[in-house]
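Below you'll find the structure, written out as structure tokens, and then a few comments.
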Amino acid sequence: MAVVDKLIEILCRERGERPIVCPQSQKDSYWRALVNVRPPAPLSEEYIALEGQYLGGKLAERGVVNAEELQYSGNIALWKGDITRLKADAIVNAANSQMLGCFVPCHGCIDNAIHTYAGVQLRAECARVMSAQKEEEPTGSAKITKAYNLPCHYVLHTVGPIIYGRVTKTDRELLAGCYRSCLELAAAYGLKSIAFCCISTGEFHFPNQEAACIAVRTVRQYLDQTHSSIRRVIFNVFKDTDREIYQRLLG
């Protein structure tokens with residue numbers, strides 16, 4: 001029995017279900033969907049070990065990208081790709097205020113991808129953090145967790161502003177706060193490299209051009225004005241349109 005079949009069997013048994021019969025080519029998506037909808041709860045050491053083996057194999061297939069080997073201009077780099085492949089001290093997750101990851105099966109958001117490839121332990125840690133906090137995560141702030149099966153060391157979770165109409169001054173300040181909060185938290189942990197996703201764009205509807213301007217300006221101000229452990233900042237994009245925007249802004 002393949003590792004993915006064992007994982008599916010354990011997750012289905014936990015739900016009181018029998019696994020659905022499906023082609024082997026669909027098993028990865030089936031497993032991912034089961035993980036995405038699973039609430040935070042303890043799982044057996046057997047599952048944790050099997051999931052680590054499975055995700056390690058998936059990462060080897062996709063390939064690790066070392067942040068130190070990217071092309072930098074000063075201490076800033078632009079990289080287009082899957083942030084869950086990036087080996088840096090920390091990557092940034094665009095989280096929601098519940099901070100538990102995306103529960104939509106196989107959704108295309110970065111929150112879903114990070115929680116999927118980190119494994120179930122990430123949601124469990126986030127749940128412990130939120131239980132201790134006793135309230136939703138405020139917009140513009142950040143929390144840090146382990147990265148588990150990701151190649152980075154830590155994940156910084158930040159909640160960006162959601163845009164419903166026009167972008168307001170408060171929206172801009174909150175988005176800048178996301179970048180500052182992540183940088184300050186990374187520095188507090190003595191981290192040297194941090195990779196930012198495009199916070200608040202996509203599902204949260206912040207205009208890409210304006211969001212990128214705020215991101216670049218905030219990061220540059222922090223690096224210019226603050227003496228901290230951070231030596232490398234990566235702007236990670238997934239779309240060609242965002243890459244073109246950042247290329248223009250970074251010169």
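The values are calculated or read from the model by the stated rules, or taken from the named source; none is laboratory data. Model, not experiment: these values are computed from the prediction. Cβ atoms come from the backbone with ideal geometry, glycine included; neighbour counts cover every protein chain shown. Ligands, DNA and RNA are stripped out before the accessible areas are found, and what is left, the full protein with its side chains, is counted by its heavy atoms. Shrake-Rupley method; radii C 1.70, N 1.55, O 1.52, S 1.80 Å.
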Checklist entry - Which pairs have Cβ atoms under 8 Å, sit 6 or more apart or on different chains, and link a residue in the range 95-113 that is more than 14 Å from Phe204 (Cα to Cα) to one that is among the hydroxyl-bearing types (Ser, Thr, Tyr)? => result Cys106/Ser29; Ala113/Thr84
Item to check | Matching option when the condition is farther than 12 Å from Ser193 by Cα and modelled with pLDDT of 95 or more, among Leu55, Leu70 | outcome: Leu55
Checklist entry - How many residues, within the range 1-49, are exposed (fewer than 15 other Cβ atoms within 10 Å of the Cβ), closer than 24 Å to Gln98 by Cα and basic (Lys, Arg)? => result 1
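Just give me the residues in the range 103-123 being aliphatic (A, V, I, L, M) and open to solvent by less than 60 Å² (accessible area, probe 1.4 Å), in sequence order. Walk me through how you get there before you give the answer.
If we filter the range 103-123 for residues that are aliphatic (A, V, I, L, M), which is where we start, we get 104, 110, 113-114, 118, 120, 122.
Result: Ile110, Ala113, Ile114, Ala118, Val120, Leu122.
Answer with yes or no whether Ala132 is in contact (Cβ under 8 Å) with a residue 60 or more places away in the chain and out of contact with any helix residue (DSSP H, G or I) (no Cβ under 7 Å at 6 or more places or on another chain).
It is false that Ala132 is in contact (Cβ under 8 Å) with a residue 60 or more places away in the chain and out of contact with any helix residue (DSSP H, G or I) (no Cβ under 7 Å at 6 or more places or on another chain).
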Item to check | Hits in the range 59-77 (condition: open to solvent by 40 Å² or more (accessible area, probe 1.4 Å) and under 17 Å from the mean Cα position of the chain (by Cα)) | outcome: Arg62, Val64, Asn66
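Across the range 185-204, what is the number of residues that are under 21 Å from Glu68 (Cα atoms) and touching a residue at least 40 places away in the same chain (Cβ under 8 Å)? Spell out how you get there, then give the answer.
Going residue by residue through the range 185-204, those that are under 21 Å from Glu68 (Cα atoms) are 185-198.
Next, from what is left, pick out any that are touching a residue at least 40 places away in the same chain (Cβ under 8 Å): 185-187, 189, 191-198.
Number satisfying all stated conditions: 12.
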Checklist outcome for this item: Exactly one of Ile245, Ile234 is touching a helix residue (DSSP H, G or I) at 6+ places or on another chain (Cβ under 7 Å) and under 22 Å from Ile114 (Cα atoms), and that residue is Ile234
